[in-house]
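The values are calculated or read from the model by the stated rules, or taken from the named source; none is laboratory data. In this text the structure is predicted, and so the values were computed from the model without any measurement. Virtual Cβ from ideal backbone geometry, glycine too; neighbours counted across all protein chains shown.
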Amino acid sequence: MAVIAAYPFDVGYAPSTEDAHVAAADATPHASLAGFGIDTETLFMQSTALNAAEAVSENQYATLAITADAGYELDLSSLTFGICRGGTSKVRGYLVRCSVDSYASNLIGGDLSTTYSWPTFYNANVDLTGAPFQNLAAITFRIYTYCDSGTAYTLHWVDFTVNGTVAATGGGTPGRIMRLNRRMW
């Protein structure tokens, strides 16, 4: 397992690490987010959505997109990141979805305990070894946030990392092709 793309969010929205055969786009907010930026070496997001369903229906997310170069594919193994609340008041939560199922289901998410308030981060680890996450030309993640007050309270994200391998594509094993060709003569 290797790092395909890593977003530390320490000084900007761009990945600090990406495999030589991928293009990883900068983190990009949807226009409906109440706040989005880099602060104290984290990505902060603010939403006016009251709950998870509203965060989805009101497009309260940011995207991170990773595309394999022509002739390569993504074989994912895991997604890891740290997340914490900006403070202890109000319920705050998050969701992560991806393009594999057209953003229909959550990879991970829920209300974030006050245990994980600044500067204590919850370290998430999402298993992506299943068949839907293999042999991909590209994947886009959406990270959603919400707060039950309708007021823009903050969640902080760090070290958003996609792990796996980037493999060359293209045909079967050369030895097998040679055997087939010999039989044809």
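Restricting segment 136-156 to residues that are at pLDDT 95 or above and over 16 Å from I4 (Cα atoms) leaves a set whose member that is surrounded by the most Cβ atoms within 10 Å (Cβ to Cβ) is Y144. Filtering segment 109-117 for residues that are of a type outside the set (D, E, K, R), under 23 Å from Y13 (Cα atoms), in contact with an Asp or Glu (Cβ under 9 Å, 6 or more places away or on another chain) and assigned to a strand (DSSP E or B) leaves an empty set.
Within segment 16-38, the presence of a residue that is at positive phi, over 15 Å from the mean Cα position of the chain (by Cα) and either hydroxyl-bearing (S, T, Y) or assigned to a loop (DSSP other than H, G, I, E, B) (or both) is excluded. Within segment 26-49, at least one residue is surrounded by fewer than 16 Cβ atoms within 10 Å (Cβ to Cβ) and under 25 Å from T165 (Cα atoms). Scoring L95 on the criteria (1) surrounded by 21 or more Cβ atoms within 10 Å (Cβ to Cβ); (2) in contact with a Pro (Cβ under 8 Å, 6 or more places away or on another chain); (3) free of Cβ contacts under 8 Å to residues at least 60 places away in the same chain leaves a single failure, condition (2).
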